[in-house]
Amino acid sequence: MASLKNIKLKIVSYKKTGTVTHAMEAVSAVKMRKSQERALAGRAYAAAALSVLRRLAGTADAERHALVREQLGKTCFVVITSDKGLAGSLNSAVIRRVEDEIRSRALPKNDVVIIAVGRRGGDYFTSRGYEVRVKHENVGDGVSESDIRMVTDKILEWHAAGEIGACSIAYQNFLSTFEQEAGVRQIVPITQEMITEMVKHIRPVKGKYAPAASEEDKGPDVYTIEPDADEVLAVLLPKLLNTAVFHAFLEAKASEHSARMVAMKNATDKAKEMAGDLTRTFNKVRQASITREVSEITSGIEAMK
Amino acid sequence: MATFHLVIASVGEKRFDGPAASVTFPGTDGELTVLAHHEPFVTTLKAGTITIRGGGDGAKDIPIEGGVLEVSGNRAVVLL
């Protein structure tokens, strides 16, 4: 049997671990809420951009713009993972989705270009011999515009040069606090369906920020467009790409924090359970030693009679 | 003076969200001013300053680096 002192030390260490994981859980909960609020604040922008595009698509030859057209070339994947672990299956789920996607489209390795946001995804794809062209780490919780530009500028540059034909973005979609889902979404070529989907998905399905009433806007059908639709599209489409990437970043952030919160909650519960079990063992060992001592004393007395 | 609703937003944040009576934009084809009940209208903006008047507290200048302006239904949205 382990000595009493050893068991006591173990109990203390489990309790300490529990305190730490409990604190991490609380921190993640706050961060998650902030990410959600930020995602909502950006929603108006996406909705406005969409409404302009929807009407332009009706009036002008929107298909003429390169970003809308299908184009031959490599396929680019933007993989958003976290820099740090301790978040359950968050990162592995995203990575698995990307691999499934590559396999199902039967893309050879040298036709795939990876933009890795977050250390986990970057390390994984580098070690498996994929072409990881951009590695971006330390994205703050705020997600600044420069973080987004790092990604979208590269996509636009490669697309214009004809190197890549399509681009998809893979990230954890935030459904609710306890539910996230890894998803791959196409962002180039830009389609109307994709943007409609995106605006719809900005709010989580359940919870405080779930959609209330429908926020469809009813704008006019006819616009005066200056200088012309082509010029407006040339400015607008890259902005839509930025918006798409921005929301993917925020979703990933919110998912990361909620996944970590849940993982830390499990850890806290487990630590409590272990400490409880050990306390029982401790009591048992202590009782056994007391019983032994008592029986030694009584047998000593018996012998002296 | 009649006002309309003006929203100036960049990807991550709203720079302005409120009523305005008259707003001057740096359009790519020249400066333009939008008043309330403007016809539906889309144009691109170049780098310059947006001047907002009558939105409560005097004139306000917001510098921009280009964007898209959409006016529809007594509402103007600038996407930076």
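The values are calculated or read from the model by the stated rules, or taken from the named source; none is laboratory data. On a predicted model such as this, the values are computed, not experimentally measured, just so you know. Methodologically, a virtual Cβ is constructed for each residue, glycine included, from the backbone with ideal geometry; neighbour enumeration extends over all protein chains shown.
I'd like to know if the stretch A:4-27 contains one or more residues that are of a type in the set (A, V, I, L, M, F, W, C), modelled with pLDDT of 90 or more and touching a Phe, Trp or Tyr at 6+ places or on another chain (Cβ under 7 Å). Checking the stretch A:4-27: at least one residue is of a type in the set (A, V, I, L, M, F, W, C), modelled with pLDDT of 90 or more and touching a Phe, Trp or Tyr at 6+ places or on another chain (Cβ under 7 Å).
Being within 23 Å of A:LEU53 (Cα to Cα) and assigned to a loop (DSSP other than H, G, I, E, B) holds for only one residue in A:ILE190, A:ILE169, and it is A:ILE190. Among the numbered conditions (1) within 23 Å of A:PRO189 (Cβ to Cβ); (2) of a type in the set (Gly, Ala, Ser); (3) surrounded by 14 or more Cβ atoms within 10 Å (Cβ to Cβ), the only one that A:ALA106 does not meet is (3).
When the stretch A:222-251 is filtered for residues that are in a helix (DSSP H, G or I), among the hydrophobic types (A, V, I, L, M, F, W, C) and at the interface with another protein chain (Cβ under 7 Å from one of its Cβ atoms), the ones remaining, listed by number, are A:VAL232, A:VAL235, A:LEU236, A:PHE246. Exactly one residue out of B:LEU79, B:LEU32 is in contact with a helix residue (DSSP H, G or I) (Cβ under 7 Å, 6 or more places away or on another chain) and not acidic (Asp, Glu): that is B:LEU79.
Provide a single number: the residues in the stretch A:11-30 that are surrounded by 13 or more Cβ atoms within 10 Å (Cβ to Cβ) and within 14 Å of A:LYS272 (Cβ to Cβ). Count: 10. Does the stretch A:82-93 contain any residue that is touching a residue at least 24 places away in the same chain (Cβ under 8 Å), of a type in the set (S, T, N, Q) and crowded, with 24+ Cβ neighbours inside 10 Å? Checking the stretch A:82-93: at least one residue is touching a residue at least 24 places away in the same chain (Cβ under 8 Å), of a type in the set (S, T, N, Q) and crowded, with 24+ Cβ neighbours inside 10 Å.
Filtered by the rule that a residue be of a type in the set (D, E, K, R) and closer than 14 Å to A:ALA259 by Cα, the stretch A:15-33 gives A:GLU25, A:LYS31, A:ARG33. Can you find a residue in the stretch B:3-11 that is within 20 Å of A:ALA41 (Cα to Cα), of a type outside the set (A, V, I, L, M) and touching a His at 6+ places or on another chain (Cβ under 6 Å)? No, there is no match, as no residue in the stretch B:3-11 is within 20 Å of A:ALA41 (Cα to Cα), of a type outside the set (A, V, I, L, M) and touching a His at 6+ places or on another chain (Cβ under 6 Å). What's the number of the only condition in (1) charged (D, E, K, R); (2) more than 14 Å from every other protein chain (Cβ to nearest Cβ); (3) surrounded by fewer than 20 Cβ atoms within 10 Å (Cβ to Cβ) that A:ARG120 fails to meet? Every listed condition holds for A:ARG120 apart from (3). Contact annotation: residue pairs with Cβ atoms under 9 Å, 6 or more positions apart or on different chains, pairing a residue in the stretch A:279-305 that is free of Cβ contacts under 8 Å to residues at least 24 places away in the same chain with a partner that is outside any helix (DSSP H, G or I), are A:LYS284/A:MET1.
Somewhere in the stretch A:98-116, is a residue among the hydroxyl-bearing types (Ser, Thr, Tyr) and either touching a Ser or Thr at 6+ places or on another chain (Cβ under 7 Å) or modelled with pLDDT of 80 or more (or both)? Yes, there is a match, as at least one residue in the stretch A:98-116 is among the hydroxyl-bearing types (Ser, Thr, Tyr) and either touching a Ser or Thr at 6+ places or on another chain (Cβ under 7 Å) or modelled with pLDDT of 80 or more (or both).
For beta carbons closer than 6 Å, sequence separation of 6+ or different chains, a first residue in the stretch A:124-139 that is free of Cβ contacts under 8 Å to residues at least 12 places away in the same chain and a second that is surrounded by 16 or more Cβ atoms within 10 Å (Cβ to Cβ) and among the hydrophobic types (A, V, I, L, M, F, W, C), the qualifying pairs are A:THR126/A:VAL132.
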